[in-house]
1. For the pair A88 and T111, how long in nm is the line joining their label points, each one 7 Å along Cα→Cβ?
2. Between R76 and E27, what is the label-to-label distance in nm when each label sits 7 Å out along the Cα-to-Cβ direction?
3. Just to be sure I understand: if I project the alpha-carbon convex hull of the range 1-104 onto a plane and average over all orientations, what area do I get in nm²?
4. Near the amide H of R68, under 5 Å away, which other amide H atoms are found, from residues 5 or more places off or on another chain, if H is placed in the peptide plane?
5. Can you send over the solvent-accessible area of E156, 1.4 Å probe, protein chains only, in Å² to the nearest 10?
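The values are calculated or read from the model by the stated rules, or taken from the named source; none is laboratory data. The shown structure was predicted, so the numbers you read here are calculated from the model rather than taken from an experiment. Ideal geometry is used to build each Cβ from the backbone, glycine not excepted, and the neighbour counts take in all protein chains shown. Remember, those area values only see protein heavy atoms, side chains included, never the ligands or the DNA or RNA. Shrake-Rupley method; radii C 1.70, N 1.55, O 1.52, S 1.80 Å.
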Amino acid sequence: MTTTAHPRFAEALTALGIDAEVRAFPEATRTAAEAAAAIGCELGQIVKSLVFAADGVPVLVLMDGASRVDVEAVGRELGAARVTRADAAVVRETTGYAIGGVPPFGHRTRTRVLADRSLLAHDTVWAAAGTPHTVFPMAPGELVRHAGATLADVREDVREGVRDHAREGVRDRPASPPQPSEG
């Protein structure tokens, strides 16, 4: 492991017995697109660690870099009436890190974590290592385990205006074959 990670995150890696290859970049990789370009990976391989407030209680959502979080789905998963994005002060207070550098684990406080299943589509994912300039790779299943995350379907449907029926418990049905015309 290199020592370029945030000290709190480096301590978490050591405590968990993880020898991660932390990479540092001269330019900030605050956005998923910036991180993917710097690493040379697909946007979906970037893990966004996003803090929300579910009925006022912080929750961390791990989402692939190509997708957006469906706050209604987060609310359903947690049984929360209201889910909103946490502001920068809450993010730092909860995790100990600034927005753009929040890693998936190694936080200041124990927080409930949801990981979107889309992360499992990749062999390797990349997440922040505690600063906007550092990232580390990990197998997604291992990342979910170390984060203590619950797998959930909390990704917005990518087609605008179309609901994700599978997430809502509605099965997609194949189109019926054409019926012969009577004639």
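1. Calculated label separation equals 1.6 nm.
2. 3.9
3. Orientation-averaged projected area of the Cα hull: 7.1 nm².
4. Those qualifying (amide H under 5 Å, at least 5 residues apart or on another chain) are E156.
5. Looks like 70 Å² after rounding.
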